[in-house]
1. For segment 138-177, state the semi-axes of the equivalent ellipsoid (square roots of 5 times the eigenvalues of the alpha-carbon gyration tensor), sorted largest first and rounded to whole angstrom.
2. Could you run the Karplus curve 6.51 cos²θ - 1.76 cosθ + 1.60 with θ = phi - 60° over segment 157-171 and give me ³J(HN,Hα) per residue in whole Hz, x for Gly and Pro?
3. Let me spell out the model: positive unit charges on the Cβ of Lys and Arg, negative unit charges on the Cβ of Asp and Glu, origin at the Cα centre of the chain. What dipole size does that give, in debye rounded to 20?
4. Work out from phi, with θ = phi - 60° and the Karplus expression 6.51 cos²θ - 1.76 cosθ + 1.60, the ³J(HN,Hα) of each residue of segment 199-216, listed in order in whole Hz, and give x for Gly and Pro.
5. How large is ³J(HN,Hα) for each residue in segment 90-96, as worked out from phi by the Karplus curve 6.51 cos²θ - 1.76 cosθ + 1.60 (θ = phi - 60°), to whole Hz, x for Gly and Pro?
6. Could you tell me which of Ser66, Gly124, Val152 has its Cα farthest along the dipole of the chain towards the positive end, charges placed at Cβ (Lys, Arg +1; Asp, Glu -1), taken about the Cα centre?
7. Within straight cross-link reach of Lys119, meaning Cα distance under 22 Å, which lysines are found once same-chain residues fewer than 8 apart are removed?
8. Under 20 Å from the 7 Å Cα→Cβ point of Gln110, by amide nitrogen: which residues of segment 35-57?
Amino acid sequence: MRRYLIANFTGVFVISLLCLCGAASAYAQRTDFQSWTLVTAQATLDADKKWLLYAEAQPRIGNDVSRLERLLLRPALGYNYSTSTTFYLGYAWTPTFYDTHYNEDFRNEQRIWQQVLYKHDWQGSAWQHRLRQEQRFIDDASATSHRTRYLVRGSYRLADSYDAGLTGYNELFVTENSVQRGPRAGFDRDRFFFGPYVVVGKGRYEVGYLGEYGKRFGTDDRMINALMVAANFSF
């Protein structure tokens with residue numbers, strides 16, 4: 001039974017990866033190999049563990065892992081509505097340093113974001129659904145850009161004797177409005193990740209392949225192939 005679940009879990013994400021790569025090969029104008037590092041920390045603020053603080057830092061090294069393309073700093077306040085549902089209200093500073101052709105093009109961006117995270121178990125795996133709404137304030141853009149993001153993640157524990165296994169997710173980004181010198185309404189990007197994870201103490205560590213097919217401030221399509229290393233801490 002365990003082998004059957006692993007095969008099905010892996011198969012779902014392999015099929016998703018093939019679909020993503022197929023779409024990219026058909027439409028993408030540029031490809032890039034990158035290195036992404038994600039560090040998050042979450043700490044409860046009260047004895048009932050209802051309120052929490054969240055912090056995230058994420059540098060992305062692009063142009064075949066030679067230049068810092070983007071930096072994301074993302075703090076938030078969270079509220080645990082139940083054991084399965086958490087609401088967040090946050091801020092993000094996400095400047096970019098180059099355009100998709102790696103010409104110097106610093107663009108400052110700030111965001112306000114709202115999020116609901118829902119967790120449940122299904123078919124022997126742990127699942128998360130994340131719906132995020134962003135208001136993006138981008139330098140030189142004519143107005144605020146509004147974007148909706150939906151992520152589904154599955155994690156399968158490989159053994160009962162220790163906390164390690166396989167995890168993967170797919171996230172779809174849709175921009176709701178067009179702004180001059182900024183994002184256009186419609187499909188923004190699709191992001192996929194798959195790899196192993198291990199939990200040690202208060203930290204969960206992941207490493208694997210991340211693929212992203214998307215657009216950036218115009219008509220340029222791009223396929224990113226990245227090594228993702230993530231460390232997530234809960235206190």
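Every number here is computed from the coordinates shown, using simple stated rules; none is lab data. Because the structure is a prediction, the values reported are computed rather than measured. A quick note on method: Cβ atoms are made from the backbone with ideal geometry, for glycine too, and the neighbour counts reach across all protein chains shown.
1. Details: eigenvalues 297, 20, 6 Å².
So the three semi-axes of segment 138-177 are 39, 10, 5 Å.
2. Ordered by residue, 3J(HN,Hα) equals 7, 7, 8, 6, 7, 8, 9, 8, x, 10, 9, x, 8, 9, 10 Hz.
3. Details: 28 positive and 24 negative charges, 88 e Å.
It comes to approximately 420 debye.
4. 10, 10, x, 9, x, 10, 10, 9, 8, x, 8, 10, x, 9, 10, x, 10, 8
5. So the J values, rounded to whole Hz, are x, 10, 9, 10, 9, x, 10.
6. Working it through, the farthest residue towards the positive pole turns out to be Gly124.
7. Answer for Lys119, where 22 Å is the Cα cut-off: Lys49, Lys50, Lys202, listed by chain and number.
8. 54-57
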